[in-house]
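Peer 1: Structure below; questions to follow.
The values are calculated or read from the model by the stated rules, or taken from the named source; none is laboratory data. Please read all numbers here as calculations on a predicted model, not as lab measurements. All Cβ positions, glycine included, derive from the backbone under ideal geometry; neighbour counts span all protein chains shown.
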């Protein structure tokens, strides 16, 4: 992820995952530990995912949510996460689209 962000010129402050939280989504600790590490309230964070279940758990904790559509992430026979199943704060087809929306350019 670090190499991806550097190559893409993404200005992230940090990349925190399950290793830091010592928990996996959708466990609350996975979300809350990351927000705490950045000294942020959940409402100040945006959970971006292609998985409705992960977003549902984040929203229940107070996080903002962004669904990125990836209906063939697991191949053409994928049966789940084919579309945004709830009214997420943002629904996009790409990370670039989300970035433009967040910058107010779309």
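Peer 1: Taking residue 76, is it touching a residue at least 12 places away in the same chain (Cβ under 8 Å) and either in a loop (DSSP other than H, G, I, E, B) or under 18 Å from residue 21 (Cβ atoms) (or both)?
Peer 2: Answer is no for this residue.
Peer 1: Another one. Could you go through segment 97-106 and let me know if any residue there is at pLDDT 95 or above and in contact with a helix residue (DSSP H, G or I) (Cβ under 7 Å, 6 or more places away or on another chain).
Peer 2: Checking segment 97-106: not a single residue is at pLDDT 95 or above and in contact with a helix residue (DSSP H, G or I) (Cβ under 7 Å, 6 or more places away or on another chain).
Peer 1: Then there is this: Can you pull out the residues in segment 62-80 that are touching a strand residue (DSSP E or B) at 6+ places or on another chain (Cβ under 9 Å) and either loosely packed, with under 11 Cβ neighbours inside 10 Å or under 18 Å from residue 25 (Cβ atoms) (or both)?
Peer 2: 63, 64, 65, 66, 67, 68
Peer 1: I'd like the full set of residues that are in contact with a strand residue (DSSP E or B) (Cβ under 6 Å, 6 or more places away or on another chain) and either free of Cβ contacts under 8 Å to residues at least 12 places away in the same chain or surrounded by fewer than 16 Cβ atoms within 10 Å (Cβ to Cβ) (or both), limited to segment 1-49.
Peer 2: 46
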